[in-house]
Amino acid sequence: MAPARHGTGRDADTPAHSQGEAGRARTREGRELYCQWLPGPAGPDRARPTVVFEGGLAAGRSSWAGARAALADVAPTVVYDRSGLGRSPAAPAGVSRRLHTLAEDLGDLLDHLERVGPGGPFLLVGHSWGGPLVRLAAAAQPARVAGLVLVDPTDESCDLLFQPALRRAERIGQVVRRPAVGADN
């Protein structure tokens, strides 16, 4: 059995998932973030940026399925689940879920993609709560970012985002969304 690009061990006879090749990116604290990569177009024009999607508050990687399908013949794409979403385990107690920590996790994902593929430069796409995350990740290492696409971004200066009631709403959204997404997403 030949190893897969991200070291998942999937062989060539296993059908591909519609969201792409699965992998796990390790954060600086040792946590793992589940990610999936679609290679994009084949051929000589492979110098296109890799599009990395960052979802909204309680949205995991599956929320980008339609956008990724539209880009299948344009560029390589990557989706992932932040800690506590989808197939990424929640951060242990005491690990911050603040904006800067989440942006560092995105930076760790980009580090992983540079090491194992598909590599940069990266076009970061952030929706809602993902908007501030991609802005911070881009500011941390601007040389590896080809651009940003902000889709209805949230204002990270809004005090409401850091209130306990919003954190509870996020957790409720995660629990409610799990059965709707399905076990194989």
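Of note:
- Applying a DSSP loop filter and a limit of 11 other Cβ atoms within 10 Å to the trypsin sites (Lys or Arg not before Pro) in the range 98-155 leaves Arg98.
- DSSP-loop GluC sites (Glu not before Pro) across the range 24-105, with at most 14 other Cβ within 10 angstrom: Glu29
- Annotation: extensible slack from Arg48 through Ala146 equals 34.3 nm (criterion: 0.36 nm per residue apart, minus Cα-Cα distance).
Readers should treat all values here as calculations from the given coordinates under stated rules, not as data from a laboratory. Because the structure is predicted, anything quoted here is derived from the model rather than measured. In this analysis, Cβ positions are derived from the backbone assuming ideal geometry, glycine residues included, and neighbour counts consider all displayed protein chains.
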